[in-house]
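Student: Once you've had a glance at the structure underneath, I'll fire off some questions.
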Amino acid sequence: MLKRGSKARFILITLLLLSPGLLTFFLLFFYPMMVTLTRSLRPEGEQIGWTLEHYVTFLAEPRAREVILLTFVLSIGAVLCSVLLSIPLGLALRQKLRAHRFYRLTMITPRVVPGLIGALGLLLLFGSRGWVNLFLIRFVPFVNEPISINYTIPGLILFYTWLYFPFIALTTLAALEGLDPAIEEAADVAGANRWQVLRHVVIPLITPAILAGSVLTFMAAFGAFSIPLIAGGNHRPLSVEIYRQIDFTPARWSAASARAMIMAVLQVIFLTIYMRVLRRPIT
Amino acid sequence: MTLARKYLNAILRSRKLLIQTLLLCFALMIFTPFLMIVLRSVGRGWFGRLWLPPELTLDWYRWAVEVTNIVEITKNTLVIALLAVLMSTVIAIPTGWALGRRNIPGRELLMSILLLPRMIPPIAFALGVAQIFYRTDLINTHIGVALAHVSICAPFAILILSATFEALDERLLEASGVCGANPIRTFIHVVFPLILPGVLASMIFTFTTSYNEFTLTLMTYGKDTVTLPVRTYLAIGEGYWEVTSAMSILLIIPSIIVLFMIQRQVAPEKLVGGFKGV
Amino acid sequence: MPDYMIELRDVTKRYGDLVANDNVTLQIRRGELMTLLGPSGCGKTTALRCITGHNIPDEGRVFIDGEDVTDVPTYKRELGMVFQSFALFPHMTVFGNVEFPLMIRRMNKAERREWVMDALRMIRMEEYEDHYPRQISGGQQQRVGLARALVYRPKVLLLDEPLSNLDAKLREEMRFEIRDLIDRLGITAVYVTHDQAEALALSDRVAVRNAGHIEQVGMPDEIYDLPQTRFVADFIGLSEFLAGTLSAVHTEERTATVAVDGLEIHVPATPEMAPGRKVLFFIRPNDIELLPASQESGINVFVGVVEKKTYLGDRSDYRVRVSEGLELRVQTDGKVRFEEGENVKVHLPIPHCRVIVE
């Protein structure tokens, strides 16, 4: 048992150790969030007074629903595409074939280079003069004109997937590599063909990992800013909508702040629901 | 066409070949965008439906170096990234130690609160950070931009380090004490070597995050603190794609060097960081 | 109907430079339990995987029920298998696990339920149908594994070290349970293990393996009493090996004498024996009798001194020096007591003396 004096000392030291992290949290996150919140409730350009007009005017615009819907469509689309890409990729990579390490590095490349540069390359690749369109025109029947991919919603989802799939791919691969090979062999001996093993055994067992990875991909895609900023064209999700309020003079900080608060609340609500669903035993 | 058919038949016969082909397509999907940038940066007169630029040139690189102050920008980016690494590590070591090794009531809750900045879109609190920095004259300073980065780097550093410290075996510390080592010697000879990989992983992760960070930089930079991602963004806005491509290639070199330097020491997955934590 | 349920014919499997199975031929009769016994790395699991189809042999053919299945994928081979790691599906209940093979075979629901419950009754687990694998003990998990392997009445049951992950007491219980089940169903079974006691207790026949090939195939008592190679004798039980030379063959008494380090030891004769041949002589320590020094001399009785004694509870272990360069290890039951330094006589009963002609 600790004596009372040493117990007090223990608490004090713990608090001291925690203080840098807590201080960072309050000064660099909580305080800015409060500033954003206060700003969103002030009349534009004023330091006093309270108003809800920034929320009301934004939410009353028909554009608001469009912007919010677009943000969700892009992030959920990116999650779905990433899952569809990650499962075959994980299955291929766990075989440890030739150049295994190279492909593992390839998988994380989009997360290591600046996203903007990736987006630039994608714009060049999928542009009307890019290789993808040249390929389509040359080899695919009935395609004679460049197809527009850049600055469209499917194009954006493609770019998001390129940038944010590694989260899901990594958790999926880790889960696949953690599976006891005997479990699949058991299903195989029991008469399940390759597809049945995948459907009844492998996929159910890696689903928790896929869902965990998809939280990260969703968060990243929901808050994505650089990609839609340069590759979004007329499609502006919430983050770009916020930035546009302060990018032009006169900067509308209060309007931007109100939109930022709406975005933060939407993300927290969505994540909370998602976590609830995750916690529910899947089996 | 017969060659293509032969290859198709071979794929259908061999599963290995099929997988190799799929992986190759995947690698193409990841790397062709960069190849496009390289080609664009060295090509002249590349219009119409051509697979490759008709004429090669290094003019765009000359332009890129003359127009943008590449050295200055790289220096800014590195200084800011190193400052962010330093501050995040200094913050995360004590806090990570407390979270990992001390029995704190409500530890899970505390952890999720500290990780909250990673769950809110950065643009939301970047607005507040910018307004605070305008008031306190931190706008357009290296330390200011680095501080902004710390807001999202520190939580992950804490996450990684608390996991590292938690994994330390208490018995090893006791054994060292029994062997007659005082706490300082125990730290130097036992604790430090054991936590080094974790600390390194956290620093690398912080570095790449800061190096690539765009949103928070865009809200807090000034003419003296232009970083690599911001400069790329501005160049894209200016619309000279050839010059922008050349600039991107120059700016991406440091991150490729970092990647190659560390990929032998740290599992590549670590660079994406802490995905188990959320 | 073919005589053999399973036949490996000249099967060779290599991993790079390592030959895990070198030209192995093995025939398993209908309804028998054949054990592949050997140390880890001897290729017994590789041989089993050639039967399941998880390994494709580089050379040779595999037959099941007379049919060449070498190129038939695993899932079409109609086998049942029990794994060392149990390999139950963690996301399915006990019922779901046992039902899996029937579901894959598209049996209708009502019939499935009947078959599954039959299988669960067989292993006395019917009350656990709703439990998940993590909620039941290791022994119960392995019984469920057994039910899953047997539920669709496969032609062959394969068991890959099924008891290695269980504790000693449970292992013995399960051994009888498995033997009992196999007898009741009359199924052909292949059992892989490195535990010789398990192999001897369970099997109809045992194939002792060593480094890629089969050393000896035989019934458990043949393997135990008449090992044909030094490896088998060594692996099956404790043995002292003594190098010697055949000095004489006595045709009438059906014995031969072996000169080992100055001692003349009488052994049972076999046809290939001829004077002058080099042989390996061996006898199990617990087959040697230890007698008081006052005992009369006779055939295979030698004078010795107890050098070291180790008390093991139900028996004692002695090192007895019988000549200048020869020390014998002797195990006696607890009733016989000698002390270190005591003079004794050592009797090597002829029927227990074995010789391998080199």
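The values are calculated or read from the model by the stated rules, or taken from the named source; none is laboratory data. Just so we're clear, the structure is a prediction, and the values are computed from it rather than from any experiment. Cβ: placed from backbone, ideal geometry, glycine included. Neighbour counts: every protein chain shown. Just so you know, the surface numbers come from the protein's heavy atoms only, side chains and all, with ligands and any DNA or RNA stripped out. Shrake-Rupley method; radii C 1.70, N 1.55, O 1.52, S 1.80 Å.
Student: For A:Glu145 paired with C:Ile56, estimate the spin-label separation in nm (one decimal), with each label point 7 Å from Cα along the Cα-to-Cβ line.
Tutor: The answer from the label model is 5.0 nm.
Student: Continuing with this model, one more query. Which angle between 0 and 90 degrees, to the nearest 10, do you get for helix B:15-42 versus the longest principal axis of chain B when only C-alpha atoms count?
Tutor: Once rounded, one gets 80 degrees.
Student: Considering the options C:Phe302, B:Ala157, C:Leu157, tell which one lies farthest towards the positive end of the dipole of the protein assembly as shown, charges being +1 on Lys and Arg and -1 on Asp and Glu at the Cβ, about the Cα centre.
Tutor: Positive-most Cα among the choices belongs to B:Ala157.
Student: Further question on the same structure: To the nearest 20 debye, what is the magnitude of the charge dipole of chain B about its Cα centre, counting +1 on the Cβ of each Lys and Arg and -1 on the Cβ of each Asp and Glu? Spell out each step's value before the answer.
Tutor: Working: 22 positive and 15 negative charges, 213 e Å.
Computed charge dipole of chain B: roughly 1020 debye.
Student: Determine the sum of side-chain charges near C:Pro268: Lys and Arg each +1, Asp and Glu each -1, restricted to other residues whose C-beta is under 14 angstrom from that of C:Pro268.
Tutor: My count for the surroundings of C:Pro268 gives -3.
Student: Set Lys and Arg Cβ to +1 and Asp and Glu Cβ to -1, take the dipole of the protein assembly as shown about its Cα centre, and tell me which of C:Pro220, A:Thr171, C:Ala207 lies farthest positive.
Tutor: Value computed over the given set: A:Thr171.
Student: Farthest toward the dipole's positive end in region B:74-226, which of B:Phe187, B:Gly106, B:Phe125, given Cβ charges of +1 (Lys, Arg) and -1 (Asp, Glu) about the Cα centre?
Tutor: B:Phe125
Student: Then there is this: Can you tell me which of C:Val192, C:Val279, C:Val82 moves the most in a GNM of chain C? Springs connect C-alpha atoms under 10 Å apart.
Tutor: Among C:Val192, C:Val279, C:Val82, the largest mean-square fluctuation in the Gaussian network model of chain C belongs to C:Val279.
Student: Follow-up. Accessible area per residue for region C:240-357 in Å², computed with a 1.4 Å probe and the full protein assembly in place, what is it?
Tutor: 52 Å²
Student: May I ask you to give the solvent-accessible area per residue for region A:1-56, in square angstrom, as obtained with a 1.4 angstrom probe?
Tutor: On a per-residue basis, 69 Å².
Student: About its Cα centre, what dipole magnitude does region B:74-226 give when the only charges are +1 on Lys and Arg Cβ and -1 on Asp and Glu Cβ, stated in debye to the nearest 20?
Tutor: It works out to roughly 140 debye.
Student: What distance in nm separates the two pseudo spin-label positions at B:Val65 and A:Leu198, each 7 Å out from Cα along the beta-carbon direction?
Tutor: Between B:Val65 and A:Leu198, the simple spin-label model gives 5.1 nm.
Student: To the nearest 20 debye, what charge dipole does the protein assembly as shown have about its Cα centre, counting +1 at the Cβ of each Lys and Arg and -1 at the Cβ of each Asp and Glu? Present the calculation step by step, with values, prior to reporting the outcome.
Tutor: Numbers: 91 positive and 84 negative charges, 779 e Å.
Roughly 3740 debye for the protein assembly as shown.
Student: Okay, next question. What percentages, rounded to whole numbers, describe P(r) for region B:48-132 computed over all alpha carbon pairs with 10 Å bin width beginning at zero?
Tutor: Per 10 Å bin, starting at zero, the Cα-Cα P(r) for region B:48-132 comes out as 12, 21, 25, 17, 14, 9, 2 percent.
Student: Compute for chains B and A the buried accessible surface, both sides summed, probe 1.4 Å, and express it in Å² to the nearest 100.
Tutor: Chains B and A together bury approximately 8200 Å².
Student: Turning to a different aspect of this structure: Over chain C, with every protein chain in place, what whole percent of the accessible area is carbon and sulfur at 1.4 Å, could you tell me?
Tutor: The computed percentage sits at 47.
Student: To continue, here is another question. With n ≥ 4 as the cut-off for DSSP H runs, can you work out [θ] at 222 nm for chain B, using -39500 (n - 2.57) per run divided by the number of residues, rounded to the nearest 500? If you can, show how the numbers build up before the last one.
Tutor: On the way: 14 runs with 206 residues, N = 278.
Taken over chain B, the calculation gives -24000 deg cm²/dmol.
Student: Identify all aspartates and glutamates with a Cα-Cα distance to B:Lys223 below 15 Å; exclude those on the same chain that are fewer than 8 residues away in sequence.
Tutor: Straight-line reach from B:Lys223, under 15 Å: B:Glu72, B:Asp137.
Student: Sticking with this structure for a sec: Which length gain, in nm to one decimal place, applies between C:Thr229 and C:Arg113 when the Cα-Cα distance is subtracted from 0.36 nm times their residue separation? Intermediate results must be reported in sequence, preceding the final value.
Tutor: Working: separation 116, 0.36 × 116 = 41.76 nm, distance 5.07 nm.
Gain in length upon complete extension: 36.7 nm.
Student: In percent, how large is the relative contact order of chain C, given Cα pairs closer than 8 Å and 6 or more residues apart?
Tutor: Details: 736 pairs, mean separation 53.3, N = 358.
Relative contact order comes out at 15 percent.
Student: For the protein assembly as shown, what value does the Rg/Rh ratio take when both radii are computed over Cα atoms and Rh is the Kirkwood radius, given to two decimals?
Tutor: For the protein assembly as shown, the value is 1.10.
Student: Quick one: of C:Lys169/C:Lys345; C:Lys44/C:Lys308; C:Lys13/C:Lys76; C:Lys13/C:Lys155; A:Lys96/C:Lys109; B:Lys16/C:Lys109, which pairs are farther than 32 Å apart, Cα to Cα? Don't skip to the answer; put the middle values down first.
Tutor: On the way: C:Lys169/C:Lys345 38 Å; C:Lys44/C:Lys308 39 Å; C:Lys13/C:Lys76 22 Å; C:Lys13/C:Lys155 24 Å; A:Lys96/C:Lys109 40 Å; B:Lys16/C:Lys109 38 Å.
Beyond 32 Å: C:Lys169/C:Lys345; C:Lys44/C:Lys308; A:Lys96/C:Lys109; B:Lys16/C:Lys109.
Student: Starting from region B:1-58, pick out the trypsin sites (Lys or Arg not before Pro) whose DSSP state is loop and whose Cβ has at most 16 other Cβ atoms within 10 Å. Don't jump to the answer; show the numbers that get you there.
Tutor: Details: sites: B:Arg5, B:Lys6, B:Arg13, B:Arg15, B:Lys16, B:Arg40, B:Arg44, B:Arg49; in loops: B:Arg49.
Within region B:1-58, the qualifying trypsin sites (Lys or Arg not before Pro) (loop, at most 16 other Cβ atoms within 10 Å) are B:Arg49.
Student: Can you bin region A:53-279 into rounded, prolate or oblate? Criterion: square roots of the alpha carbon gyration tensor eigenvalues sorted a ≥ b ≥ c, rounded for a/c under 1.5, prolate for a/b above b/c, oblate for the rest. Intermediate values should be presented prior to the final figure.
Tutor: Values: a/c = 2.41, a/b = 1.48, b/c = 1.63.
Since a/c reaches 1.5 but b/c is at least a/b, the shape of region A:53-279 is classed as oblate.
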